[in-house]
Every structure is written in structure tokens, then in C-alpha cells.
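Here the structure is laid out as C-alpha cells; the discussion comes afterwards.
The values are calculated or read from the model by the stated rules, or taken from the named source; none is laboratory data. Values in this document were obtained by computation on a predicted structure and should not be read as measured data. No Cβ is skipped: glycine too gets one built from the backbone with ideal geometry, and neighbour counts run over all protein chains shown. What goes into the accessible areas is simple: the full protein's heavy atoms, side chains included, and nothing from ligands, DNA or RNA. Shrake-Rupley method; radii C 1.70, N 1.55, O 1.52, S 1.80 Å.
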Amino acid sequence: MNLLMQTAAKAVSQGNNFPLAFTLVYVVGFIAAVTIGSIAWYNSKRPAGWESKERPDFVPKIESEETPGVGEPKS
């Protein structure tokens, strides 16, 4: 236990060695993942109980093809 307390005291006295850039990457990545996941969830089939709910205005409507990648290219 004494060893843990000495190690913690030494770490505190040395300051924070974790760069701010890494923290910002994690925070921005988390926000992007939540945003993209929310848009994907709203554009998917509605779960049970949500069939009659309106799509929020801030979520874009994405039209899906019947058979994506199959057939002649559209030009």
C-alpha cells in the first residue's frame, strides 16, 4: 500500500504527461461516432414502438436503392 501511495505522489509531482492532442482526438472521435450512429439509427427501420414517431428535422433523409451495386450504372 505504501508503494502505491509513493508512486501516486511521484506521478502528481511530475505533472500531467498526457498530451492535450490525444484527449481532443478522443473527444472529437466520440462526438463523431455518436452523431453518425444517431443518423444511421434514425435512417434504419424503426424499432418496435417507434413506428409512428416523426423523424427529427436535423436528421437528413437518405434514400436507399432496392438493389445497391447491382445492374447498370445510372448516368
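Per-structure values
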read-out: Check on LEU3, hydrophobic (A, V, I, L, M, F, W, C), exposed (fewer than 10 other Cβ atoms within 10 Å of the Cβ) and modelled with pLDDT of 70 or more; value: yes
read-out: Pair list, Cβ < 8 Å and 6+ apart or interchain, from region 31-42 residues that are under 19 Å from GLU63 (Cα atoms) and at pLDDT below 90 to residues that are open to solvent by 50 Å² or more (accessible area, probe 1.4 Å) and of a type outside the set (A, V, I, L, M); value: ILE39/PRO60; TYR42/ARG55
